[in-house]
Amino acid sequence: MLLRTLRGEILNPPPLWLMRQAGRYLPEYMKTREKAGNFLDLCYNPELATEVTLQPIKRYGFDAAIIFSDILVIPDALGQKVEFRHGVGPVLKPIRSEKDIRELNHLRLEESLNPVYEAIAQVRAKLSPGVSLIGFAGAPWTVATYMVEGGSSKTFNNVKAWATADSRGFDELIKLLKEAITIHAMNQVVAGAEVIQLFDSWAGVLSPSEFDKWCIKPVKEITARIKNKYPDIPVIGFPKGCGVNYKHYAEKTGVDCVSIDYTVPLDWIDEALQPGAVVQGNLDPYILRQGGARLVKEVQDIKGALDQRPFVFNLGHGILPDTDPSNVEELVELVRIG
Ligand code: 1CP
């Protein structure tokens, strides 16, 4: 289903999966998570990563599984220290100079990420043939924000300052990431991923010229390299929060599908984006958490506006951890039955 839509077919009902469909809102995830110890141990344990990837498929029958991993396995595999602290989130030893960049390398990249590929192979073997398996990576800009800020940020002061004051030096980091992300994406395809999604969660903090330089250009190069080797593998791009720049992104990057965040109006998606691109999105995860009449109306509105052209139903960002699993069940019924 998902693959047919990504190749341009119109399906009714549209294929459905949700960003962060495996995660803390599911009691069965919390159980497995406890067994694993810390979060990165879960990402690097092929048996447990397989288990949590399949949990939402078993419960809801989504049309696609997304491999359970994280965008921050890339800095970890490049040799930057990454930790996930309870109640804090990711904490990294910040990279602030070209000297810091030189301490990172690709030497252990594939070896470190091998558990992800093993999990992909195991998941593919267990999924029924109609359910697609999505591999993913963070896009260079978004991964760089965590590497330079040393974790999540509200201001992005350090990374923005570096990118503008010394764009040549910062570009060295982006180059390193482009290479690592391309290798990681292709290895996921070899292991059994049938689609690649590139998450650019912080694309929305870039001004238009920076957006072109740090979001569109690197994503275009990564997509071209994947497609050069694997022409049949669709690439989905998610440049969250980029507003009208979604149109440039869809036109210039070469991705097969753009994933739209929940701030973008449906009539604009319909008029400006859908004639030129397959789109995925864009239910507000807060509305999913809220449930009730508002959820019913929003799902109807999204389907009414977008399902006459190739369209993948998804959220406009990841499921919130305190979402009631029964709201997700209701969403599945609303999308599939109406
Ligand atoms: O406590 C826990 O169990 C950890 C919570 C968690 C989970 C379930 C994190 C920590 N990552 C994940 C899994 C994850 N991350 C997936 C799995 C597959 C699925 O979707 O089911 C995916 C695709 C991601 C991608 C990811 N990680 C993104 C891009 C998408 C997005 O949400 O914008 C980002 C930005 C991250 C970084 C990250 N991972 C985890 C945290 C707390 C953060 C920081 C988020 C922030 O800065 O707000």
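With the requirement that a residue be open to solvent by 20 Å² or more (accessible area, probe 1.4 Å) and not charged (D, E, K, R), what does the stretch 170-188 give you?
If the condition is that a residue be open to solvent by 20 Å² or more (accessible area, probe 1.4 Å) and not charged (D, E, K, R), then Leu176, Ile183, Met186, Asn187 are the ones that fit.
Looking at the stretch 264-283, is at least one residue open to solvent by 60 Å² or more (accessible area, probe 1.4 Å) and either under 19 Å from Tyr60 (Cα atoms) or in contact with a Phe, Trp or Tyr (Cβ under 8 Å, 6 or more places away or on another chain) (or both)? No, that holds for no residue. Could you go through the stretch 51-70 and let me know if any residue there is more than 9 Å from the ligand (Cβ to nearest atom), among the acidic types (Asp, Glu) and within 21 Å of Met19 (Cβ to Cβ). For the stretch 51-70, residues more than 9 Å from the ligand (Cβ to nearest atom), among the acidic types (Asp, Glu) and within 21 Å of Met19 (Cβ to Cβ): present.
Evaluate the following for Glu47: is it crowded, with 23+ Cβ neighbours inside 10 Å and more than 17 Å from the chain's Cα centre (by Cα)? No. From the residues in the stretch 23-43 that are near the ligand (Cβ under 9 Å from one of its atoms) and of a type in the set (Phe, Trp, Tyr), which one is nearest to Asp70 (Cα to Cα)? Across the stretch 23-43, the extreme among qualifying residues is Phe39.
Filtered by the rule that a residue be outside any helix (DSSP H, G or I), surrounded by 16 or more Cβ atoms within 10 Å (Cβ to Cβ) and of a type outside the set (A, V, I, L, M, F, W, C), the stretch 139-169 gives Gly150, Gly151, Ser153. Consider Thr5 carefully, then state whether it is buried (at least 17 other Cβ atoms within 10 Å of the Cβ), touching a residue at least 24 places away in the same chain (Cβ under 8 Å) and more than 13 Å from the ligand (Cβ to nearest atom). Spelling it out, Thr5 is indeed buried (at least 17 other Cβ atoms within 10 Å of the Cβ), touching a residue at least 24 places away in the same chain (Cβ under 8 Å) and more than 13 Å from the ligand (Cβ to nearest atom). Here Thr155 meets each of (1) touching a residue at least 12 places away in the same chain (Cβ under 8 Å); (2) more than 19 Å from Leu40 (Cβ to Cβ) with one exception, condition (1). For the stretch 177-199, the condition of being more than 28 Å from Asp256 (Cβ to Cβ), assigned to a helix (DSSP H, G or I) and not acidic (Asp, Glu) holds for none of the residues.
The values are calculated or read from the model by the stated rules, or taken from the named source; none is laboratory data. The model shown is predicted, which means the values in this text are computed figures rather than measured ones. Reconstructed Cβ throughout: ideal geometry from the backbone, glycine too, with neighbour counts over all protein chains shown. Side chains included, ligands, DNA and RNA excluded: accessible areas come from the protein's heavy atoms. Shrake-Rupley method; radii C 1.70, N 1.55, O 1.52, S 1.80 Å.
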